[in-house]
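A short worksheet on the structure shown next.
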Amino acid sequence: MRIDYKISDKFDFKIFIPVTILILIGLAAVYSSTLNNPAAVNNFEKQLFATIVAYIVFFLTYAIPTNSIKFISIPGYVLSIILLLTVLVIGRKISGAKSWLAFGPFGFQPSEFAKIGTILLLANFLTRLNNNIDSFKDILIALAIGFIPIGLILLEPDMGTSFIFISFILIILFWKGISLLGLFVVLSPGLVAVSSLFGSVPFVASLLIVLVALFFFKKDLFFSGSVFAINLAAGFFTDNLYNALSPHQQARIKSFIDPMSDPLGTGYNSIQAMVAVGSGGFFGKGFLQGNQTQLQYIPEQWTDFIYCAIGEEFGFIGAMIVLSLFLILFLRLLNIASTTKDEFLSLVVVGVLAVYFTHFLINVGMVIGILPIIGVPLPFVSYGGSSMVVNMFMLGIVMNIFRTRKNYA
């Protein structure tokens, strides 16, 4: 009994067990969705191999000295930027995005590793600030750390991963204690950017709201003018960015607004995903028995649409089990972030939580038709070697922090 207590005090089984179950469910779903697909030969074996490598990375990361996590933040960020620049030059284009670096039969996405580097450096920088973020200079530096990789990822272009970065950057800033003014400075360009997609009237209306808010904060003319200029630039940049997107990416945004506008084209995946989930009923059709899955109605279902395979073959029960496992993981990560006394380590855990949660929210939202299809995998479940390795690497960092949490009290 004493031994069990010591193990659980150093190794958080409340995280490890739910994640392992998610991985096993994912392997079963990948096997089912690739079984009768000639284009996905050996995908299950590749995912199984990637999972073994990911567990090795997890335990190695778990065992390293905790203070080395902060030490690698700067070189890790610099390396990730170099890799993002490299992929723009010699990267392999898949699904319209030049986001993969290939080494023989192996390939990986630098944007996945950039998540870690960005989280670590952003946490490192914010830790150096004594108080909450209320300085315009500090906000700009924090945003620059995040938006340099975002800009490079948009050049690939990879909209889905860009949204992940934006989300975890905002959540980390919120956890640090950004002031109301700082929160406005960070969020307002995004709101103006989104409004610009709906036409000139919403765009102008959002700018007027920004002007009213700036008047409310009663800052000096230079500060107010700078913030307004940033918002104005965000609107024009978004409009130009939308026009620069490939036709299939523009079509995805349009199909989100109305999937039935092109049911055999851009809205096809969204419609078929909802059919698959809905047809599973309460108990599901059974493993390897899903019509949508086995007849390959959804292209490459083992990646971004893996959740609808689970919903079809394991039904409402299976889908809810997956949701419950993620909920357990999120609550446990939040607990560790809240109880960790070292600010840097707490910010890192929050960053990891934000990455997992945003992936989960967007992926499930895509499948059930409440969010646009932007190509975001489900953590620990979807097919993808680099995604699995990076997710387990981040989990290893969290477990490492849990292991030594009493040393930093």
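The values are calculated or read from the model by the stated rules, or taken from the named source; none is laboratory data. Small disclaimer: the values here were computed from a predicted structure and weren't measured. Reconstructed Cβ throughout: ideal geometry from the backbone, glycine too, with neighbour counts over all protein chains shown.
Identify all residues within the range 379-409 that are among the aromatic types (Phe, Trp, Tyr), over 14 Å from the mean Cα position of the chain (by Cα) and part of a loop (DSSP other than H, G, I, E, B); write none if there are none.
TYR383
For the range 49-61, which positions are of a type in the set (Phe, Trp, Tyr) and under 15 Å from VAL19 (Cα atoms)?
Kept after step one, since they are of a type in the set (Phe, Trp, Tyr), are these residues of the range 49-61: 49, 55, 58-59.
Within the range 49-61, TYR55, PHE58, PHE59 qualify.
Return yes when PHE215 is in a helix (DSSP H, G or I), without any contact (Cβ under 8 Å) to a residue 12 or more places away in the chain and surrounded by 13 or more Cβ atoms within 10 Å (Cβ to Cβ) and no when it is not.
On the way: in a helix (DSSP H, G or I): yes; without any contact (Cβ under 8 Å) to a residue 12 or more places away in the chain: yes; surrounded by 13 or more Cβ atoms within 10 Å (Cβ to Cβ): no.
So PHE215 does not fit the description; no.
Test of understanding: among ILE3, ILE23, ILE15, ILE69, which residue is exposed (fewer than 12 other Cβ atoms within 10 Å of the Cβ) and either of a type in the set (Val, Ile, Thr) or at pLDDT below 85 (or both)?
ILE3 is the lone residue from the list that is exposed (fewer than 12 other Cβ atoms within 10 Å of the Cβ) and either of a type in the set (Val, Ile, Thr) or at pLDDT below 85 (or both).
Given the criteria closer than 21 Å to LEU187 by Cβ, part of a helix (DSSP H, G or I) and at pLDDT 85 or above, does LEU126 qualify?
For LEU126, the condition - closer than 21 Å to LEU187 by Cβ, part of a helix (DSSP H, G or I) and at pLDDT 85 or above - is met.
Under the condition of being in a helix (DSSP H, G or I) and polar (S, T, N, Q), which residue from the range 322-352 is nearest to VAL390 (Cα to Cα)?
Within the range 322-352, the match that is nearest to VAL390 (Cα to Cα) is SER346.
Considering LEU353, LEU371, which residue is buried (at least 24 other Cβ atoms within 10 Å of the Cβ), of a type in the set (A, V, I, L, M, F, W, C) and touching a residue at least 12 places away in the same chain (Cβ under 8 Å)? Talk me through it step by step, then tell me what you get.
Values: LEU371 fails: buried (at least 24 other Cβ atoms within 10 Å of the Cβ).
From the options LEU353, LEU371, the qualifying one is LEU353.
Of all the residues that make up the range 301-324, how many are closer than 22 Å to ILE171 by Cα and surrounded by 19 or more Cβ atoms within 10 Å (Cβ to Cβ)?
Adding up the residues that qualify gives 0.
Would you check if LYS70 is assigned to a helix (DSSP H, G or I), more than 21 Å from SER162 (Cβ to Cβ) and basic (Lys, Arg)?
So LYS70 fits the description; yes.
Answer with yes or no whether LEU173 is aliphatic (A, V, I, L, M), crowded, with 21+ Cβ neighbours inside 10 Å and under 27 Å from GLU343 (Cβ atoms).
So LEU173 passes the test.
What's the number of the only condition in (1) at pLDDT below 90; (2) within 23 Å of THR20 (Cβ to Cβ) that GLY290 fails to meet?
For GLY290, the failing item is (2).
ALA39 versus (1) surrounded by 12 or more Cβ atoms within 10 Å (Cβ to Cβ); (2) of a type in the set (Gly, Ala, Ser); (3) modelled with pLDDT under 90: which is the lone unmet condition?
Here ALA39 clears every test but (1).
Within the range 149-169, how many residues are aliphatic (A, V, I, L, M), touching a residue at least 40 places away in the same chain (Cβ under 8 Å) and crowded, with 17+ Cβ neighbours inside 10 Å?
The qualifying residues number 6.
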